[in-house]
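Below: one structure, written as structure tokens.
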Amino acid sequence: MMDAISISKARLRFGQTIALDDVSLAIPQGTCFGIVGESGSGKTTLMRAILGLQKLDQGDVCILGMPLSHSRAALKKRARVLQPIFQDPAASLSPRSRIRTLMGEVATVLNEPLAVTYERLGVILNRLGLPKGILDKYPHEISGGQARRVAIARALLMKPSILIADEPTAGLDVSVQGDLLNLLQDIRQLENMTLVVISHNLAVVRLIAENAVVMRAGKAVESGDVASMFQSPRDAYTRELLSAWPRLRVE
Amino acid sequence: MAISVRNLSVDYNLSHVTAHALRDISLEIGKGEILGLVGESGSGKSTVAFALMGLLANNAKVTSGTATIGGRSYDLTRRDATAPLRGRGMAMIFQDPMLSLNPVFTVGTQLCEVLRRRLPGGDRKAHVAMAEEALAKVKLSDPKRRMGQYPHELSGGMRQRVVIAMALLSEPVLLIADEPTTALDVTVEAQIMREIVSLRDRIGCAVLLITHSLGLVTEYCDRISVLYAGERLEHGTVKQVQQQPGHPYTRMLFDCEVAIDRQRAVNVTENRFTVIPGELPDPFRRPSGCIFNGRCDVSFDACATTVPDEFAVGDAADHGARCLLLAGS
Amino acid sequence: MGSFATLKRICSERDGRLGLVFTLVILIFAIVGPLVSPDPNLIDVKARFAPPGAAHLLGTDNLGRDLVARTSAGTRYALALAAMIVVISSVVGSLIGVVAAVAGPRIDRVITGVFDIVNAFPPLILAFALIALYGKGPITFVLLVTVVFIPQFGRMARARAQSLRSLSFIEAERMLAVHPATIVARHYLPNVAGPIIVLASMNLPVVIAFEASLSFLGFGVQPPKSSLGTLIKDGFVSINQSWWPIIAASLVLAIATLGATLLGEALRRVIDPKTTGAR
């Protein structure tokens, strides 16, 4: 089967700093893939390259076998396949538009009758536990948790086959982060999607992802299936990351 | 006890309403002990630090509370009650080190300023030597060169080391660390926590570590206090609380923590994350009864009406929790 | 923020209240003036240089024309021109500015280049040149001052739009493949509007003074119509006979510009608290 996302020999420099250094990876369809790294490791740059928000100096990104292009036609095609969930979902909703307007934009993009889009939206809102009344509100009038769900609902409305979540647990308390992670897992299973999770949280990635890559200073230092990578890390940096992670020790 | 805080209550006055940020919080920290003050957002954990340092916002008011620090008692309801302790006796490490560092002065100047305040009339050369030594102690590479550098030339982890060096030089009785590693990477976090522990070992001060991370508390702290919606629900040694949590909230919070060694199940549906359902209570109108009632998985009728007192958990005298389930035992 | 809340916060500080009062006084003067005074062009040679009195509240000029009527007409003219110019230049300017920020480096360079060229000339000199080319008249005047003011709005809109471009909500729209024109109209423009409104209100007095200067120099309104600039100039010419005329018009100009400036500053503090202190 064709890979959902494949990256070959991606290189990128910002002035003196090397953001991506010969990164190659393949994300199989229908799996959950983790991109792990600390700040400055290049994991966010990698995500932006996949989304087409960042051009590479060298190397290729293919989405479902199609090479990534920056033309408008390609962007329109890609939007139906690949949707991001940004780190601060509240900030990914345009502050001066009602949520109904934002959802309506999807109908225009998909060239779909508004009624059909709203019908699908009703199902999605229901599944995400959002009240219908939320559509008449502005993003600043809803809670952070709701904004997160609205952003996810909007991404799902595009019927993508690949979801990319950037630091989904950043800024969330442990008592609520699981809610979002469980939701993402459910969606992935139900829709048989490919889920890419970018995170610095090793414990979360270990549990949610089948395969992962560990990034450091623009390099992919280790990649493979999560179970064996966490059990017997081959790279020294992966070992350091794992040993630095605070443990709940019970003597 | 080297440090104690009694019945600290803080209100925030918003234009029409009053939010009770803290209600009757008490803390004890022994000399040379690290107390982990754990809470999620909205628990008021940072308000404790700000109330102690006298750094509360203008619309905040301490309605009750006394602190005993270094053998002297301070009435926290008075503005600037602890002002004499700032810079000598009490030091603070913030999440953002730039709150403690002045961007227009070199690291050396700022470290010497700490010494000038603590040891007035001292020799400048001696101060410079002491400052360099402090930088070496917090394992900052090349201390001589760092002395002449400005904060913006350093990385986040290095800045936090400089702040720890400042704390080291001021030789406080109480060190308050408010989420000191939240903005840092895990590998740097471990290093910074080790520096805080070694600072404690060196000068034997009491440390109040304010954090949302149970991992940090279990790894580095001696004692733990659990805060929820402005109330202390449980306190004890880390070992006691971890082995036998007295309050359901503590137990549920530990359950939510994703352990790094948790194996991924082959059956995908089993890889669930634990959640505490429900939301924080309204900060403007405290519900009657237990503050955690409504999100609790073992609550019963009385929980909605009776505010629980603190009960001892097990036989230990220094392990208590405010849960009605403990009343009978 | 609702407009009522904005008004309330403007009134909560002294400068804002003063600005509001001054602006209201000028507006009322402009509106009520013609109701309480004779035709501004009515010549009464017998009453030349009459001092303020019951018949003429602000006295008369060298042709015996009532100064309340003339100043009020001048004020109305100045306010109407200023409002028109500021509205057109802010709308056109923000559109051009946002396009410059969004449409890619080549178009950006062309637009900022044109802005630089316009800004390279001192406004008055540019105005003289354009008037020499296109002749005097209110329409030329509006067009030329609009052109002079567009770069200011354009630059501010461009800077704001550039900082918006990397924000998640704009990137989310792009990832959704929403049409670029929709993104500009629905997501950029409303979010650059705040500082643009502030800049517009602060430019209002500048335009009023600019119009007065041009008229004073004889390039603006032509006699017998009155404008604040021509009134000051006429008063200046006949200052040896009577010092009333120049006082009336100058006072109105001072109150109008001061009021609009204070109001603009207060508006900026309310709408755009982050930029307080920097222009």
- Could you tell me whether any residue of the range A:136-148 is of a type in the set (Lys, Arg) and within 11 Å of chain C (Cβ to nearest Cβ)? no
- Residue hits (the range A:39-77; open to solvent by less than 20 Å² (accessible area, probe 1.4 Å) and away from chain C (no Cβ under 14 Å)) are A:Ser41, A:Gly42, A:Lys43, A:Leu46, A:Val61
- Item | Hits in the range C:221-262 - residues which are of a type in the set (S, T, N, Q), over 25 Å from C:Ala83 (Cα atoms) and either in contact (Cβ under 8 Å) with a residue 40 or more places away in the chain or surrounded by 16 or more Cβ atoms within 10 Å (Cβ to Cβ) (or both) | C:Ser238, C:Gln241, C:Ser242
- Message: Anything in the range C:169-199 that is surrounded by fewer than 20 Cβ atoms within 10 Å (Cβ to Cβ) and hydroxyl-bearing (Ser, Thr, Tyr)? List them, or say none.
- Response: C:Thr182
- Scan A:Gly129, A:Gly145 and give me the residue that is closer than 20 Å to A:Gln185 by Cβ, modelled with pLDDT under 95 and exposed (fewer than 13 other Cβ atoms within 10 Å of the Cβ). A:Gly129
- C:Pro38 is checked against (1) surrounded by fewer than 15 Cβ atoms within 10 Å (Cβ to Cβ); (2) part of a helix (DSSP H, G or I) and fails just one. What number does that condition carry? (2)
- Message: Take the residues in the range B:241-266 that are open to solvent by 80 Å² or more (accessible area, probe 1.4 Å) and farther than 18 Å from B:Leu214 by Cβ; name whichever of them is farthest from the chain's Cα centre (by Cα).
- Response: B:Val266
- Query: What are the pairs, 6+ residues apart or on separate chains, where a residue within the range C:26-51 that is farther than 18 Å from C:Ser242 by Cβ has its Cβ under 6 Å from a residue that is open to solvent by 60 Å² or more (accessible area, probe 1.4 Å)?
  - Reply: C:Ala30/C:Arg76; C:Asn41/C:Pro224
- Message: If the requirement is being assigned to a helix (DSSP H, G or I), among the hydrophobic types (A, V, I, L, M, F, W, C) and farther than 20 Å from B:Cys221 by Cα, which of these qualifies: B:Ala49, B:Ala126?
- Response: B:Ala126
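Quickly run through the range B:68-84 and pick out the residues that are in contact (Cβ under 8 Å) with a residue 60 or more places away in the chain and out of contact with any helix residue (DSSP H, G or I) (no Cβ under 7 Å at 6 or more places or on another chain).
As a first pass, look at the range B:68-84 and keep what is in contact (Cβ under 8 Å) with a residue 60 or more places away in the chain: B:68-70, B:76.
Result: B:Thr68, B:Gly70.
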- Of (1) more than 17 Å from B:Arg262 (Cα to Cα); (2) free of Cβ contacts under 8 Å to residues at least 60 places away in the same chain; (3) in contact with a Cys (Cβ under 8 Å, 6 or more places away or on another chain), A:Arg188 fails just (2)
- Do we have any residue at all in the range A:78-85 that's over 19 Å from the mean Cα position of the chain (by Cα), open to solvent by 10 Å² or more (accessible area, probe 1.4 Å) and either within 11 Å of another protein chain (Cβ to nearest Cβ) or of a type in the set (Lys, Arg) (or both)? no
- Message: Restricting to the range A:81-99, name every residue that is out of contact with any Phe, Trp or Tyr (no Cβ under 8 Å at 6 or more places or on another chain) and modelled with pLDDT under 90.
- Response: A:Gln87, A:Asp88, A:Pro89, A:Ala90
- In the range B:1-56, residues that are touching a Cys at 6+ places or on another chain (Cβ under 9 Å) and among the charged types (D, E, K, R) total 2
- Of everything in the range B:263-302 that's among the charged types (D, E, K, R) and assigned to a loop (DSSP other than H, G, I, E, B), which residue is farthest from the other protein chains (Cβ to nearest Cβ)? B:Arg286
- Query: So which residues in the range B:129-141 are surrounded by fewer than 17 Cβ atoms within 10 Å (Cβ to Cβ) and modelled with pLDDT of 90 or more, if there are any at all?
  - Reply: B:Ala129, B:Glu133, B:Ala136
- Tell me, yes or no, whether the range B:14-21 has at least one residue that is under 22 Å from B:Ala91 (Cα atoms), in contact with a strand residue (DSSP E or B) (Cβ under 8 Å, 6 or more places away or on another chain) and not small (Gly, Ala, Ser). no
- Query: For the range B:40-92, how many residues meet the condition of being on the phi > 0 side of the Ramachandran plot and either surrounded by 20 or more Cβ atoms within 10 Å (Cβ to Cβ) or of a type in the set (Lys, Arg) (or both)?
  - Reply: 2
- Message: Let me spell it out: the conditions are (1) within 14 Å of chain A (Cβ to nearest Cβ); (2) open to solvent by 10 Å² or more (accessible area, probe 1.4 Å); (3) not basic (Lys, Arg), and B:Gly122 meets all of them except one. Which number is the exception?
- Response: (1)
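Condition check ((1) farther than 21 Å from A:Leu53 by Cα; (2) within 14 Å of chain A (Cβ to nearest Cβ); (3) under 22 Å from the mean Cα position of the chain (by Cα)) across all residues:
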position: C:Val110; (1), (2), (3): yes, no, no
position: C:Pro123; (1), (2), (3): yes, no, yes
position: C:Thr146; (1), (2), (3): yes, no, yes
position: C:Ala161; (1), (2), (3): no, yes, no
position: C:Phe169; (1), (2), (3): no, yes, no
position: C:Thr182; (1), (2), (3): no, yes, no
- Task: Among the residues of the range B:240-262, write down those that are more than 7 Å from chain A (Cβ to nearest Cβ) and part of a loop (DSSP other than H, G, I, E, B).
- Result: B:Gln244, B:Pro245, B:Gly246, B:His247, B:Asp261
- Task: Would you check which residues across the range B:100-121 are under 24 Å from B:Leu175 (Cα atoms), of a type outside the set (A, V, I, L, M) and more than 26 Å from the chain's Cα centre (by Cα) and list them?
- Result: B:Phe105, B:Thr106, B:Gly108, B:Thr109, B:Cys112, B:Arg116, B:Pro120
- Message: When you check B:Arg286 against the structure, is it charged (D, E, K, R) and either within 25 Å of the chain's Cα centre (by Cα) or surrounded by 16 or more Cβ atoms within 10 Å (Cβ to Cβ) (or both), yes or no?
- Response: yes
- Message: So in the range C:206-220, with the set limited to residues that are in a helix (DSSP H, G or I) and open to solvent by 10 Å² or more (accessible area, probe 1.4 Å), which one is farthest from C:Gly19 (Cα to Cα)?
- Response: C:Phe216
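The values are calculated or read from the model by the stated rules, or taken from the named source; none is laboratory data. None of the values given here were measured: they were computed from a predicted structure. When we count neighbours, we look across all protein chains shown, and the Cβ atoms used for this are built from the backbone with ideal geometry, even at glycine. Heavy atoms of the whole protein, side chains included, go into the accessibility calculation; ligands, DNA and RNA do not. Shrake-Rupley method; radii C 1.70, N 1.55, O 1.52, S 1.80 Å.
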